[in-house]
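S.K.: My questions all concern the structure below.
The values are calculated or read from the model by the stated rules, or taken from the named source; none is laboratory data. This one's a predicted model, so the numbers in the text were calculated from it and none came from an experiment. Glycine gets a Cβ as well: all are built from the backbone with ideal geometry, and neighbour counts include every protein chain shown.
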């Protein structure tokens, strides 16, 4: 069966699913290597963006390429694609940052991928891989090349905007090289308060100690309620930022 007979949405889903799987794999690997989850998510997204472009060009929108490539350069299409990705990147990262405060970083990243995917499908269909009829003339070709040049300028502006937003995010993507400190929280039967307390403390450290190498250590003093389970859940949610120490006896 020819790939051209498969609906665009199905092809988009297959390509996007593959890239999403690879992106999550890169994200998880970087986090396990000690990266900040936000920085790891951004790096994984950037790394898979160009792979997504070439897969989209050769699989999802392959039938739109043959004649169109005579009129619109590969560079022009990549500029349009990356301009679109700059917008979806911002949406992806903001979605990830919001979701990551409520769940594990992998589901948060998956949600960001889904939201950005919707933007990418519409943008690819309407802006990047636009069908060009066989009767296109020279004037049409010149107009499309002019659009590509305009897209280059928009891409530059979008890139600067995204960088500015990321630089001012609540969760800064910086390499902490300042003093190192462990904030120890001794707890006993604090299941009702622990998650809220740790979340509040984490936000405070992010805002006021962004250049420090800090870690929140939950010291469980043989609790008999769900304190230890909640502490371990928080450590899994924020690896490298939250750790757990457990005593079997008081």
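S.K.: Which residue out of 58, 38 is assigned to a helix (DSSP H, G or I), in contact (Cβ under 8 Å) with a residue 12 or more places away in the chain and on the phi < 0 side of the Ramachandran plot?
M.R.: The match here is 38.
S.K.: Which residue is nearest to the chain's Cα centre (by Cα), if the candidates are limited to the stretch 220-248 and must be without any contact (Cβ under 8 Å) to a residue 60 or more places away in the chain and in a loop (DSSP other than H, G, I, E, B)?
M.R.: If we take residues in the stretch 220-248 being without any contact (Cβ under 8 Å) to a residue 60 or more places away in the chain and in a loop (DSSP other than H, G, I, E, B), then 241 is nearest to the chain's Cα centre (by Cα).
S.K.: Please find, among 208, 203, the residue that is more than 30 Å from residue 224 (Cα to Cα) and modelled with pLDDT under 90.
M.R.: From the options 208, 203, the qualifying one is 208.
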